[in-house]
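Report on one structure; see the data block that follows.
No lab work stands behind these numbers, since they all come straight from the coordinates. A quick note: this is a predicted structure, and the numbers were derived from the prediction, not measured. Neighbour counts run over all protein chains shown; Cβ positions are idealised from the backbone, glycine included.
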């Protein structure tokens, strides 16, 4: 009998430890910033083997899921991923390349929440989910109200749970051609964190301190090795004039911003973070040039990852 209870205890201890040791994973459904409507900003984040994801932006949904099925990331139907695996959406701002997949696939989707700062809810309610544009699949706004999506309006720096997952989150305000807004989200599972940015300009150019506020806030997570990944945009090469950036970053501006994070967290700790480069704009040879500039001018010794549509990134 003692042996039985010892075996049972060992099994439960192992099972519990394995559960809490589960890592986060990222599945890019779209990686570009405009231009290619089949591959626009959307990243699924969830715990490995849970089949429960929050979609970070939703520029491309169908093409991305189908690409993930083609690459063996998913072994179920498109409908299963859309309706059952995606538990909700975070929408960073109101531009089409960050939400058009959500809008166009809404008739086939299942009921779920949309998390955002209040200004994004207003855009969805007044500009997209209206009878003139599509139909009102939200739970507020113009009649008839279909109510498939529930708007979850979140204030900055307030922690909240992502329904039907083990993940909690906080949202932060960004500037995307000041005074236009965007936002970032910090996801937490156990002691692991992932930070995702929507479109953002550099503080110096936007004349704000939104990014520096975030760098200071996450510095303890960097020092303690809790922050595993940052997803941050680089839309243009260094040759793009600053007055024509339209609220985006270049490789040099990325280094400029992350040097502030290094000041708060310590340069030696940045090497432990994977930086997933998002929102590259596929115009001419621009993507190749951006990648070259990032790799050749890397004084902070950042670990860059360039995501591929449909290919899982394990953290």
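Connecting C-alpha atoms closer than 10 Å in a GNM of the chain, tell me which of 131, 139, 66 has the biggest fluctuation.
131
What number do you get for the range 232-283 when its Cα radius of gyration is normalised by 2.2 N^0.38 Å, N = residues?
Numbers: Rg = 12.3 Å, N = 52, 2.2 N^0.38 = 9.9 Å.
In units of the 2.2 N^0.38 Å rule of thumb, it is 1.24.
Listing 50, 133, 106 from the residue with the fewest other Cβ atoms within 10 Å to the one with the most, what is the order? Don't skip to the answer; put the middle values down first.
Numbers: 50 17, 133 12, 106 20.
Ranking 50, 133, 106 by Cβ neighbours within 10 Å, fewest first, gives 133, 50, 106.
Normalise the Debye intensity by I(0) for the range 258-315, one equal point scatterer per Cα, no solvent, then take log10 at q = 0.16, 0.26, 0.28 Å⁻¹ and round to two decimals.
These q points yield log10 I(q)/I(0) values of -0.61, -1.14, -1.19.
Would you please give the FRET efficiency between residue 51 and residue 131, computed as 1/(1 + (r/R0)^6) with r the Cβ-Cβ distance and R0 = 45 Å, to the nearest 0.05? Kindly include the intermediate steps, with their values, before the conclusion.
Working: r = 35 Å, r/R0 = 0.77.
Computed FRET efficiency for residue 51 and residue 131: 0.85.
Given a cut-off of 35 Å, what percent of all Cα-Cα pairs of the range 24-314 lie beyond it?
Counting every Cα pair in the range 24-314, those more than 35 Å apart make up 12 percent.
Using 0.36 nm times the number of residues separating residue 157 and residue 62, minus their current alpha carbon distance, what extension gain do you get? Before the final figure, lay out the partial values.
Values: separation 95, 0.36 × 95 = 34.20 nm, distance 3.17 nm.
In short, 31.0 nm is gained.
7 Å from Cα along Cα→Cβ at both residue 223 and residue 259: what's the point-to-point distance in nm?
Label at residue 223, label at residue 259, 2.2 nm between them.
So, in nm, how far is label residue 142 from label residue 79 when the simple model puts each one 7 Å beyond its Cα toward the Cβ?
3.0
Express in whole angstrom the spacing between the alpha-carbon centres of the range 214-292 and the range 117-147.
Each part's Cα centre sits 33 Å from the other's.
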